[in-house]
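Asks: Okay, here's the structure, questions in a sec.
Any read-out appearing in this document is the output of simple, stated calculations on the displayed coordinates, not a laboratory observation. These figures come from a predicted structure and were not determined experimentally. For neighbour counting, all protein chains shown are included, and Cβ atoms are generated from backbone atoms with ideal geometry for every residue, glycine included.
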Amino acid sequence: MSRMTSVNLKIMDKEFKVKCTSEEKNKIADAADLVNHKIDEVKKHGKSVGSDRIAIMTALNLASEYLMQKDIVHQYEKTNSAKISKLLLQVEQSLQELKEPQDKNQLETLKN
């Protein structure tokens, strides 16, 4: 069982204390760093001045990036699934071809 701990984060100049498992601690800190980086990008490239608007634009940007990556993974899985199915069919056909001569030999033996 994972031991519970907490991590102190600073996002948009506000302090947050988040409870998590010891295994999650580094990932949560990395996520906060990413959020801060994306906030800085929104501030630099946009005219957003209100903290609510900056937070919403950052959330939208992160969600958009997530959905694009999710689509890429889905397409990758779909492509690989088709390739795997094709390979399995080729293996089955090859095994069948290897088995057929043995069947013919057995029939010849039974006829004699």
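Asks: Whose amide H sits under 5 Å from the amide H of Thr21, counting only residues 5 or more places off or on another chain, with H placed in the peptide plane?
Replies: It is Thr5, by chain and number.
Asks: Please compute the net charge surrounding Met4, taking Lys and Arg as +1 and Asp and Glu as -1 over other residues with Cβ under 13 Å from its Cβ. Let's see the in-between values first.
Replies: Values: positive: Arg3, Lys17, Lys19, Lys25; negative: Glu23, Glu24.
Once all neighbours under 13 Å are counted, the net charge is +2.
Asks: 5 Å is the cut-off here: which amide hydrogens, built 1.01 Å from N in the peptide plane, fall below it relative to Ile11, excluding neighbours closer than 5 in sequence?
Replies: Here Phe16 satisfy the definition.
Asks: With everything on Cα atoms, drop me the angle between helix 25-45 and the longest principal axis of the chain, reported from 0 to 90° to the nearest 10.
Replies: 70
Asks: For Lys19, go through the lysines and keep the ones whose alpha-carbon is under 29 Å away, minus same-chain ones fewer than eight residues off.
Replies: In chain and number order, the partners are Lys10, Lys27, Lys38, Lys43, Lys70.
Asks: Follow-up question, since we're still on this one. Could you state the angle between the C-alpha long axis of helix 51-111 and the longest principal axis of the C-alpha atoms of the chain, as a value from 0 to 90 degrees rounded to the nearest 10?
Replies: With both axes taken from Cα atoms, the answer is about 10 degrees.
Asks: To continue, here is another question. Mind pulling the per residue volume of the convex hull built on the Cα atoms of the chain? Å³ is fine. Write out the running numbers ahead of the final one.
Replies: Working: hull volume 17.6 nm³, N = 112.
Output value, Cα hull per residue: 157 Å³.
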